[in-house]
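The values are calculated or read from the model by the stated rules, or taken from the named source; none is laboratory data. Worth saying up front: this structure is predicted, and the values here are computed from it rather than measured. Positions of Cβ are generated from backbone atoms using ideal geometry, with glycine treated the same way; all protein chains shown enter the neighbour counts. Remember, those area values only see protein heavy atoms, side chains included, never the ligands or the DNA or RNA. Shrake-Rupley method; radii C 1.70, N 1.55, O 1.52, S 1.80 Å.
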Amino acid sequence: MQRAYINALNKLAQEDDRVVSVLADNGTDYDWLFQRDFPERFFNVGIAEQNMVAMGAGLSTCGYIPFVLTAGSFLAYRAYEFIRDDVCFPCRNVKLVASGGGMSISNLGSTHHATEDLANLRALPNLTILSPASPAEVEAAVAEAYKIEGPVYIRMGMNGEKDFFPASRSGYPYQAQQIADGTDAAIITTGSIAEQALAAAQKLTTLGISTAVYVFSSIKPFDSETVLKLAAKVRLLATVEEHSITGGLGSAVAEVLCELPEHAVLCRIGLAGVFSQGYGTLKQMYRMNGLDAEAIADRVLKTWRKLS
Amino acid sequence: MNEADILRGLRKKIFLTACAGGGGHLASSFSSLEILYTLYARKTMNFRCNEPLWADRDRLILSKGHAALACYTVLSHVGFFGEDVLSGYAKPHSVLGGEPSGESIPGIETPTGSLGHGLSFGVGTALASKMSHADFETFVLLGDGECEEGSVWEAVIAASALKLGRLIAIVDVNGLQKMATVSEIAGISSWEDKWRSFGWDVVSVDGHDLEALTQILSHRRSHEDKPLAIVAKTVKGKGVSIMENNPVWHYRMPGKKELKTFMAELDISQEEVDHAKSIYQCAE
């Protein structure tokens, strides 16, 4: 995803000299490509996330389009009030890019994990929140963020993610994308963990629970319509997210469902009232935190059995 | 009218506006008044009242947002908006809040109130002017208490590293914050040494001396590499003897007895006080 991000940013910078890259000394592996091509528009302002965000706000009022980037945890937590007061409240044209969203900075542990970022940022008016699930979607997210005249948060993984499902052909996918068919249950997921959700659904289907998978690549705006349709169609909805089950995707779905008189049962899979546990590769983190395909399938299966 | 009378008139207006709005940070506003007056009324900044977002305007970032009343009063004095707008201060549907909430107020660049944001914002605008070779300067007005916020020093480092010669931080050093003196709480002794050690040019000035302020603030810094910190020594509550240098006045309106001192020293009549209070009482 990081390479896709820089490719897309370089393309934008080529076309528009208002695009600038601002880092807080915690960039991607490929920022040198931007620095090489646009040295006069590349700024590493040091380990100072609050300053980076408010600086971005200042730049935006002079016509520049800053893409400010650091690890998701430092951006969404440390600089939160700056995102709120300097960027979202005055609706400024600043792009907030989180590398290492979720647990993707896996072996450095919970201080480096952005597993509550969607919860705190989703509460902010004016902010668009994009959560691409693949490198192709990261590229589309950068292009989309540029098109939007206002604040955008892009949540990226950083573990060499692949394009494991076909990319949308019509711009950024605000509408949920179905990547697996199913009639009994549906998994709603976002970001790179979608790959685990897909594997879980395949397993569930072989066990006799026909399970669809929908990828929600925009958290705000949120595709409530697809949730409503699914809630009327299947008996069980499961949300799968690399995030706390409080405030993120699971909550967004619950907020839609709670207004219906009748709906499918919702099972929220994510970090349930705990910080991420352990260290290791992302795959190992998924396993330790009950978020690998096996554990997801197991949770859905158990909930399904209670229904029958 | 000489400028001493004008400034006394502005303090009077600040006080009456606060009365009509139900309160305000009088003491901070009185401490910053001459600085803001010099920037706008003595035109040491380039700006256009009728075109507040003119691209080449010098920027004033009111990082110490609680000096809002002083800033609004000066902006109104030079013509950014009329007395009718000023008198709506802190009322429902007014653009003027107790802290400035942003771009809807002509002359206000960014929402402030939470401390420690403005200098970073100013680093952004100063960097923009440098990149685009635009001919504007960025002034950021900070409080000395505000400098306890760590983010201020993130911006101080960045401004120096980015060689932002067209960034000017004005530190309103009145020595007081909400609950005590700055030195009691933060033990800060030499502001000049601190800013200089981060690679800034530093000058000190009496923050109530219009001539001295004018001399410093009118100097164009277009070809400088280092940002400039102006350490402005001021008196919190300046202009009303019982307020001066007393932290209790951080956010407080006078009681009956104290009001007499305000009226005598700011040349305010009973009718004017009554009128302002009636505006507050009438507001729904």
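Yes/no matrix, rows are residues, columns are (1) of a type in the set (Lys, Arg); (2) assigned to a loop (DSSP other than H, G, I, E, B); (3) modelled with pLDDT of 95 or more; (4) more than 24 Å from A:PRO166 (Cα to Cα):
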| residue | (1), (2), (3), (4) |
| --- | --- |
| A:ALA194 | no, no, yes, no |
| A:ALA197 | no, no, yes, no |
| A:ILE219 | no, no, yes, no |
| A:VAL227 | no, no, yes, no |
| A:LEU230 | no, no, yes, no |
| A:THR246 | no, yes, yes, yes |
| A:GLY250 | no, no, yes, yes |
| A:GLN284 | no, no, yes, yes |
| A:ALA295 | no, no, yes, yes |
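Scanning region B:46-57 turns up at least one residue that is of a type in the set (A, V, I, L, M, F, W, C), away from chain A (no Cβ under 14 Å) and either touching a residue at least 40 places away in the same chain (Cβ under 8 Å) or more than 24 Å from A:PHE89 (Cα to Cα) (or both).
Of all residues in region A:199-217, those being open to solvent by less than 10 Å² (accessible area, probe 1.4 Å) and not in a helix (DSSP H, G or I) number 7.
Of the set (1) surrounded by 24 or more Cβ atoms within 10 Å (Cβ to Cβ); (2) within 14 Å of chain B (Cβ to nearest Cβ), all apply to A:ALA133 but (2). Just one of the listed residues (B:SER114, B:SER94, B:SER101) is within 30 Å of B:GLY239 (Cβ to Cβ), in a loop (DSSP other than H, G, I, E, B) and modelled with pLDDT of 95 or more, and it is B:SER114.
Scanning region B:211-228 for residues that are within 15 Å of B:LEU39 (Cβ to Cβ) and either touching a helix residue (DSSP H, G or I) at 6+ places or on another chain (Cβ under 6 Å) or acidic (Asp, Glu) (or both) returns B:GLU211, B:LEU213, B:THR214, B:LEU217. Name the helices (runs of 4 or more DSSP H) wholly within region B:125-208 that hold at least 3 residues that are more than 14 Å from chain A (Cβ to nearest Cβ) and surrounded by 15 or more Cβ atoms within 10 Å (Cβ to Cβ)? Helices (runs of 4 or more DSSP H) meeting the threshold: B:191-197.
From A:THR111, A:THR189, A:THR128, A:THR183, which residue is within 16 Å of A:VAL213 (Cα to Cα), β-branched (Val, Ile, Thr) and open to solvent by 10 Å² or more (accessible area, probe 1.4 Å)?
A:THR183
Of everything in region B:103-113 that is surrounded by fewer than 23 Cβ atoms within 10 Å (Cβ to Cβ) and touching an Asp or Glu at 6+ places or on another chain (Cβ under 8 Å), the residue that is nearest to the other protein chains (Cβ to nearest Cβ) is B:GLU103.
For region A:69-83, the criterion of being open to solvent by 10 Å² or more (accessible area, probe 1.4 Å), away from chain B (no Cβ under 11 Å), part of a helix (DSSP H, G or I) and polar (S, T, N, Q) is met by no residue. What residue, among those in region A:30-65 that are in contact (Cβ under 8 Å) with a residue 40 or more places away in the chain and part of a loop (DSSP other than H, G, I, E, B), is surrounded by the fewest Cβ atoms within 10 Å (Cβ to Cβ)? So the residue we want is A:GLY63.
Within region A:106-136, which residues are over 23 Å from A:VAL87 (Cβ atoms) and touching a residue at least 40 places away in the same chain (Cβ under 8 Å)? Spell out how you get there, then give the answer.
Within region A:106-136, the first condition is being over 23 Å from A:VAL87 (Cβ atoms), and the residues that meet it are A:106-111, A:133-136.
A:SER106, A:ASN107, A:LEU108, A:GLY109, A:SER110, A:ALA133, A:SER134, A:PRO135, A:ALA136 - these are the residues of region A:106-136 that are over 23 Å from A:VAL87 (Cβ atoms) and touching a residue at least 40 places away in the same chain (Cβ under 8 Å).
Any residue in region A:138-157 that's outside any helix (DSSP H, G or I): show its pairings with residues that are open to solvent by 30 Å² or more (accessible area, probe 1.4 Å) and of a type in the set (A, V, I, L, M, F, W, C) at Cβ separation under 7 Å, as long as the two are six or more apart or on different chains. Matching pairs, first to second residue: A:GLY150/A:CYS91; A:PRO151/A:CYS91. Filtered by the rule that a residue be out of contact with any Leu (no Cβ under 8 Å at 6 or more places or on another chain) and either open to solvent by 20 Å² or more (accessible area, probe 1.4 Å) or of a type in the set (A, V, I, L, M, F, W, C) (or both), region B:114-124 gives B:SER114, B:LEU115, B:PHE121.
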